Amino acid sequence: MSVKSDRWIISMVKEKDMIRPFEEKLIRNENISYGLSSYGYDMRVSRDFKIFTNINSTIVDAKNFDGRSFVDFTGDVCIIPPHSFVLGRSVEYFKIPRNVVTLCFGKSSYARCGIIVNVTPFEPEWEGYVTIEISNTGPLPAKIYANEGIAQVLFFESDEECIISYADRSGKYQAQKGITLPKV
């Protein structure tokens, strides 16, 4: 298994429609960069967020999630309260080939501000918009910019296809459209 280069990513996007929309170069300008990098793809966060709150004093439980634990927010900038987190979703829709798995890492511009991005691997034949957890580990409110880079996706290709893919298992997060809350 090896990490894949920009040439491989371009080829797979054209052949398998792996990322949509797809930026064939790294976009910087006044933005936190997004698009194709040397060995990965910097995905963006959309304008849709779920900001966690303790207004109802509920307990966060992955097996019995209470929707009152968050406030829906749409905007170009999302403020994350100190020592809290939000859920967002990617701008890009991903379709992962059967012999590929990904790992995702937060952008260094955010990491240097105490912002930690958590995304689980995209398994073989998973597809959908990515639900992204964005944590503010600092003592001050933190700003997240919609439609700008949030995390880098690295693609790893195996020499052989997996026996059972995420699609074969009818994975519970397959083809998710929006920010998807925990499911059991």
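No lab work stands behind these numbers, since they all come straight from the coordinates. Keep in mind that this is a model prediction, so the values were computed, not measured. Every residue, glycine as well, gets a Cβ built from its backbone with ideal geometry; the counts of neighbours run over all protein chains shown.
Brief remarks on what is shown
- Cα shape, the chain, gyration tensor, a/c 1.5 rule: oblate
- Compared with the dominant Cα axis of the chain, that is its longest principal axis, helix 6-16 is turned about 90°.
- Rel. contact order, % - alpha carbon contacts under 8 angstrom, at least six apart, the range 2-157: 31
- The label-point distance for K172 and D6, in a model that sets each label 7 Å from Cα toward Cβ, rounds to 3.9 nm.
- Each 10 Å bin from 0 upward holds the following percent of the Cα-Cα pairs of the range 70-140: 18, 45, 27, 9, 0.
- Gaussian network model of the chain, Cα within-10 Å springs - most flexible of P124, P139, P81: P139
- Additional length obtainable on full extension of the chain from F22 to R68, 0.36 nm per residue less Cα span: 13.1 nm
- Legend: ranking of residues R89, R112 from fewest to most surrounding C-beta atoms inside 10 Å; resulting order R112, R89.
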